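J.: Sharing a structure, written as structure tokens. Questions coming.
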Amino acid sequence: MEGNQPRLPQKSSSFTASRDEKHHEIDRNLSLGSLKLEQYGKRVTHGVDTIEEEETEEKPIAGNAEEPRASFFFVSENIDVFLTVLLSVEEDGRDESREPPDIPEPTVERFVTLLEKEIGRYESGEAKWCSDNDEFPLLDAIGRVSKLTVAVTRFSSDTRYNQAMNRAGGVLHHAMCFLEDEFHSLLQDPRAKHDAGSISLKAKRQPSFSLNHDPDRSVRPSSESISGESRPPYPPETVERLHGIADAMISAGYDIECCQLFAIARHNAFEAGLPSLGFDKVSIEDVLKRAWDSLQSEIATWIKAFRHTITASFAAERDLCEAVFAGHPAVSDRLFRRFARGATVQLITFAEAVSITKRSAEKLFKVLDIYEALRDVTPAVDALLPEGAEQDESSIIADPKAEIASVRCRLGEAAVGIFCELESSIKADSSKTPVPGGAVHPLTRYVMNYLKYACEYKNTLEQVFKEHKHSEKTSSCAADGEAARGGGNGRNGSNGEGHNPFAAQLMEAMNLLHSNLESKSRLYKDQALCNIFLMNNGRYIAKKVKGSPEIHQLLGETWYRKRSSELRQYHKNYQRETWSRVLACLRDDGLQAKGSVAKPVLKERFKSFNAMIEETHKAQSSWVVSDEQLQSELRVSVSAVVVPAYRSFLGRFSQYLDPGRQTEKYIKFGPDDLETLIDELFDGNPSSTASKRRP
């Protein structure tokens with residue numbers, strides 16, 4: 001007996017091939033409606049184990065198109081009765097004395113034949129599904145044949161059920177192929193407003209569960225527009241129809257085919273929509289080959305696309321999954337997670353590629369932009385993908401949250417490494433050529449502008465250094481700078497909870513810059529110019545720190561006061577080196593001899609003063625003090641010391657020179673002339689000394 005057991009038709013059977021030969025390739029309308037059936041006279045009586053049905057031979061009546069539908073309605077009710085009896089027998093299955101009921105083979109055959117013919121009418125385009133909610137929808141009929149197949153299969157050991165089991169199973173497979181085509185069509189055309197009164201022709205598609213299906217085939221939908229608005233991908237009526245089909249397929253045991261079709265269609269729709277955000281799919285190799293200048297604009301576009309995907313597209317996709325697979329939360333969650341994984345990997349590849357590009361200082365800001373984008377979407381991802389939900393262990397793709405966290409970590413490590421390499425850049429600048437005129441050194445401008453822009457990311461960099469600094473093994477990072485603890489405020493210099501690794505790193509960079517500048521100042525042979533160089537660079541640094549609240553906060557007020565004090569000392573050193581010798585010519589010492597003024601000594605004093613003024617003017621007018629405030633402070637301080645002393649000297653000793661020729665020879669400058677010459681210092685324009693004396 002066991003060898004004669006019939007085999008239940010499988011999902012992948014040759015039935016599909018025979019169905020495709022029977023029905024030529026044409027389209028059908030996409031709307032799910034109902035069969036318009038009218039009540040047809042019937043009489044059914046049944047007992048516990050048998051069903052007696054009044055059989056009337058079908059005699060087709062010419063022109064009566066409603067009779068087959070009426071028969072369909074009639075036999076459907078009989079099938080329901082039969083299913084009720086089978087269910088009662090199954091519930092009382094422990095009573096071995098009860099025999100399975102006789103199967104009403106004519107009724108079953110008529111039901112499946114009529115259903116098959118009805119499906120064929122839709123496939124051929126002869127009929128269409130309406131959007132009306134009639135009292136007997138086709139999906140109910142398909143659900144009935146599914147229940148019938150399951151019910152009779154439970155009695156497969158009874159040979160009386162073999163024919164009905166095979167016949168119902170074949171029609172069920174036919175119905176699933178039909179539903180899969182409809183499901184595919186609805187998914188393939190997002191946002192389309194389907195007209196229930198029109199017939200849309202479409203090419204036949206090989207069902208995913210047919211014998212010759214390609215497991216890697218892609219369902220390529222039309223390009224789905226992903227705009228900044230979080231619009232649902234399909235209109236409500238389409239979602240409702242998708243839900244009806246999905247529910248029917250899952251109930252019939254075709255959940256794998258249904259889910260596979262949905263997942264592929266939605267992933268392809270996502271890929272097709274990316275260009276509308278300005279972002280195209282790229283590989284890691286493509287990113288690594290591109291010049292950084294061309295990547296910068298793409299990074300900005302990627303950030304917009306990534307934020308939109310997480311905050312808008314994910315939410316819309318989750319709503320879609322929950323609506324289409326309502327009543328099947330596990331399926332809905334699994335499909336959404338699969339979509340989220342695919343979309344995340346699709347986008348995160350770009351960020352991962354940026355994290356492994358060759359490190360250079362100019363990349364820091366874009367790396368931080370991407371880091372912030374990944375960090376800022378984390379709460380949204382956590383909300384959309386809560387912990388504890390069922391995971392798809394068969395997936396080879398990592399969890400989206402883990403993938404985002406991993407790439408974010410690599411970007412954090414890259415940012416720490418790039419910033420720490422600033423110290424190497426400062427140390428490596430060991431040029432032996434002094435900057436002309438003692439102007440601000442290019443290294444100073446570069447470092448301070450770099451730090452100014454970097455500290456606009458202050459909060460992010462503090463987070464990055466706290467979370468990822470330990471993974472970067474740079475000597476300067478490891479040291480944290482003893483100078484940082486000595487020069488900064490207590491908050492940054494302390495260990496423990498208040499310790500700020502980024503502030504310490506910034507302090508170390510500033511101290512290295514200061515040391516480098518002091519070393520470069522020794523390249524000047526003129527000590528006065530050495531101090532002008534230190535003043536120029538020190539004032540530039542101080543202004544940048546004062547102009548950036550972030551840098552000022554990180555370095556602390558103690559550091560700022562210390563640098564300001566150093567600037568004042570450079571100023572005093574300059575005055576001492578340049579003008580102390582000039583002022584020595586205006587002292588009274590040595591001019592008196594035996595109670596009278598020694599004219600030769602006086603004449604020599606005036607000659608020395610004139611020579612020093614001319615020499616100083618010639619040299620220091622070419623020196624550069626680009627900061628107007630510092631330039632004014634220097635001129636005013638020099639004038640305040642030199643001009644009054646010179647005016648007093650003239651008032652006391654000019655009378656000892658003979659008027660006329662002798663006076664013009666030794667007194668070349670008046671007090672106002674001297675003040676004018678001082679005001680020409682530090683312009684960066686060398687000029688010959690004007691030796692005219694005011695009358």
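What follows draws every value from the coordinates through simple rules; no lab data is involved. Model, not experiment: these values are computed from the prediction. Here the Cβ positions follow ideal geometry from the backbone for every residue, glycine too, while neighbour counts run over all protein chains shown.
J.: Would you list Glu182, Glu413 from fewest to most Cβ contacts within 10 Å?
T.: Glu413, Glu182
J.: Quick one: Cα centre-to-centre distance for the range 421-469 and the range 348-389, in angstrom?
T.: Between the Cα centre of the range 421-469 and that of the range 348-389, the gap is 25 Å.
J.: Extension gain Lys607-Gln296, at 0.36 nm per residue separation less the Cα-Cα distance, in nm?
T.: 105.5 nm is the gain from fully extending Lys607 to Gln296.
J.: Starting from the 7 Å offset along Cα-to-Cβ, what nm value, one decimal, do you get for the label separation of Thr558 and Cys409?
T.: 3.6 nm
J.: Could you tell me the largest-minus-smallest coordinate of the C-alpha atoms of the range 307-365 on each of the three principal axes, in descending order and whole angstroms?
T.: 54, 17, 11
J.: Report the full-extension gain for the segment Gln260 to Ser580: residue separation times 0.36 nm, less the Cα-Cα distance, to one decimal in nm.
T.: Extra length from Gln260 to Ser580 when fully extended: 106.2 nm.
J.: With label points built 7 Å along Cα→Cβ from the Cα atoms of Glu237 and Glu518, find their separation and express it in nm.
T.: 8.2 nm
J.: Can I ask one more? In whole percent, what relative contact order does the range 278-411 give with Cα contacts below 8 Å and a gap of six or more residues?
T.: It comes to 35 percent, rounded to a whole number.
J.: Using 0.36 nm times the number of residues separating Asp319 and Arg445, minus their current alpha carbon distance, what extension gain do you get?
T.: Length difference between fully extended and current span is 40.1 nm.
J.: Here's a follow-up. When the Karplus curve 6.51 cos²θ - 1.76 cosθ + 1.60 is applied with θ = phi - 60°, which whole-Hz ³J(HN,Hα) does each residue of the range 671-677 get, with x for Gly and Pro?
T.: x, 5, 4, 5, 5, 5, 5
J.: If you don't mind, another one. In nanometres, what is the gap between the two model label sites at Ala640 and Ala619, each 7 Å from Cα along Cα-to-Cβ?
T.: 2.4 nm
J.: Hey, can you grab everything whose amide H is under 5 Å from the amide H of Asp683? Only 5+ residues off in sequence or another chain; H modelled, so Pro and N-termini drop out.
T.: Trp623
J.: Return the FRET efficiency for the residue pair Thr113, Ala326: r is the Cβ-Cβ distance, R0 is 30 Å, and the value is rounded to the nearest 0.05.
T.: 0.40
J.: Can I ask one more? GluC sites (Glu not before Pro), restricted to the range 621-683: which are DSSP loop and have at most 16 other Cβ atoms within 10 Å?
T.: Listed in order of number, the matching sites are Glu680.
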